[in-house]
1. Kindly indicate the residue of the stretch 113-151 that is modelled with pLDDT of 95 or more and farther than 28 Å from Thr40 by Cα and also most open to solvent (accessible area, probe 1.4 Å) among those meeting that condition.
2. Quick one: which strands (runs of 3 or more DSSP E) lie wholly within the stretch 8-108 and hold at least 3 residues that are under 15 Å from Met131 (Cα atoms) and within 22 Å of the chain's Cα centre (by Cα)?
3. Do any residues in the stretch 72-95 that are open to solvent by 60 Å² or more (accessible area, probe 1.4 Å) have Cβ atoms under 8 Å from those of residues that are part of a strand (DSSP E or B) and among the hydroxyl-bearing types (Ser, Thr, Tyr), where the two are at least six apart or on different chains, and which pairs are they?
4. Could you list, in sequence order, the residues of the stretch 196-220 that are polar (S, T, N, Q) and touching a residue at least 40 places away in the same chain (Cβ under 8 Å)?
5. Only one of these is open to solvent by less than 60 Å² (accessible area, probe 1.4 Å) and among the aromatic types (Phe, Trp, Tyr): Tyr292, Tyr245. Name it.
6. If the Cβ limit is 7 Å and pairs must be 6+ apart or interchain, which residue in the stretch 181-195 that is in contact (Cβ under 8 Å) with a residue 24 or more places away in the chain and crowded, with 17+ Cβ neighbours inside 10 Å pairs with which residue that is of a type outside the set (D, E, K, R) and part of a helix (DSSP H, G or I)?
7. For the stretch 208-267, enumerate the residues that are farther than 24 Å from Thr284 by Cα, of a type in the set (S, T, N, Q) and more than 21 Å from the chain's Cα centre (by Cα).
Amino acid sequence: MAFLLAAVYLFIPAKIKIEAIVSLNAAVPGVLRTLENDSTWKRWWPGETPFAYNNQSYFIRGNVFNVFDLTIHTDKDTINSRIELVFIKADAMTIWWNAEQVSSNNPFKRFAQYRHAKQTEENMKAILQSMKTFHQKTENIYGFDVKEILVKDSVLISTRRSFDHYPDAQEVGDMIQSLKKYIALNDAIEKNLPMLNVVKFGSAHYEAMTAIPVDRALPITKEFAPKFLLKGGNILEAQIQGGPYTIENCLKELENYRADYKFTSPALPYQLLVTDRAKEADTTKWITRLYYPVF
């Protein structure tokens, strides 16, 4: 018996270290934004009830930058822990969760604390694995899937107009029709769907540009101007569904994606109008592809 008691002190340290770690292919800023909102934790939490798992409960005490302090509660003990998001490179990171439990001088309680610490560590590993599975899907962070593809349409013909409001579907449709007539007038061929970019200046000034990819450069006029993209260059692509409000929010998230993954952009993002908005009144049915040239 004395030997067993001595073994408890020999093999169980005065401070029991508890640690779990996972690596994932994601950008730290995007993962951090989802974790800073407590309500999003329930989207990936492995238990049926957020912040409760396998007879333990978890309380976020606060966070500073990429570090979150959590208290782990059971009916037997309370442990302070810390989750840290560690940057590896733009598209790779590690999440490290660590804690420390002070052991009792009582050998029986000390052994029970050791078993409890090991169970806590297993719980932490399971929670981190669920966190990893969720955050490795781009759509769970940004709301849609993002692909990095190569530019195919390099020659465009464009037109610009100013508005004191966000241009509606009919106004955009009029701009597109004027482009189509100019393309036909020059016996050119349309190579893809119409593009749209709207930029807001001040409180009530909008600059809209529409463009259509064509088979060759067309002459510049007062109303129309050729534009060029680097063929074979990199470009981010995302397909979304919804009206102006959804599109605006998704453009913001696409900008977040660009910044999170540290891409540099030589041009503004734009919309590819899959749905003819002048013919579809229900904006919830609009299909739009968002593009962002990057390198």
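1. Among them, the one singled out is Leu150.
2. The strands (runs of 3 or more DSSP E) meeting that bar are 15-24, 78-89, 92-102.
3. His73/Ser57; His73/Tyr58; Thr78/Thr71; Asn80/Thr71; Ile88/Ser23; Ile88/Thr94
4. Asn197, Thr210
5. Tyr292
6. Here the result reads Pro194/Ile176, each pair linking the stretch 181-195 to a residue that is of a type outside the set (D, E, K, R) and part of a helix (DSSP H, G or I).
7. Answer for the stretch 208-267, where residues must be farther than 24 Å from Thr284 by Cα, of a type in the set (S, T, N, Q) and more than 21 Å from the chain's Cα centre (by Cα): just Thr221.
Listed here are the residues, each with its yes/no results for (1) under 24 Å from Ile141 (Cα atoms); (2) open to solvent by 40 Å² or more (accessible area, probe 1.4 Å); (3) out of contact with any Lys or Arg (no Cβ under 6 Å at 6 or more places or on another chain).
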residue	(1), (2), (3)
Pro213	no, no, no
Tyr257	yes, no, yes
Tyr261	yes, no, yes
Leu272	yes, no, no
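The values are calculated or read from the model by the stated rules, or taken from the named source; none is laboratory data. Here the structure is a predicted model, which means the values were calculated and not measured. Note that each Cβ is placed from the backbone with ideal geometry, even for glycine, and that neighbours are counted across all protein chains shown. Ligands, DNA and RNA are stripped out before the accessible areas are found, and what is left, the full protein with its side chains, is counted by its heavy atoms. Shrake-Rupley method; radii C 1.70, N 1.55, O 1.52, S 1.80 Å.
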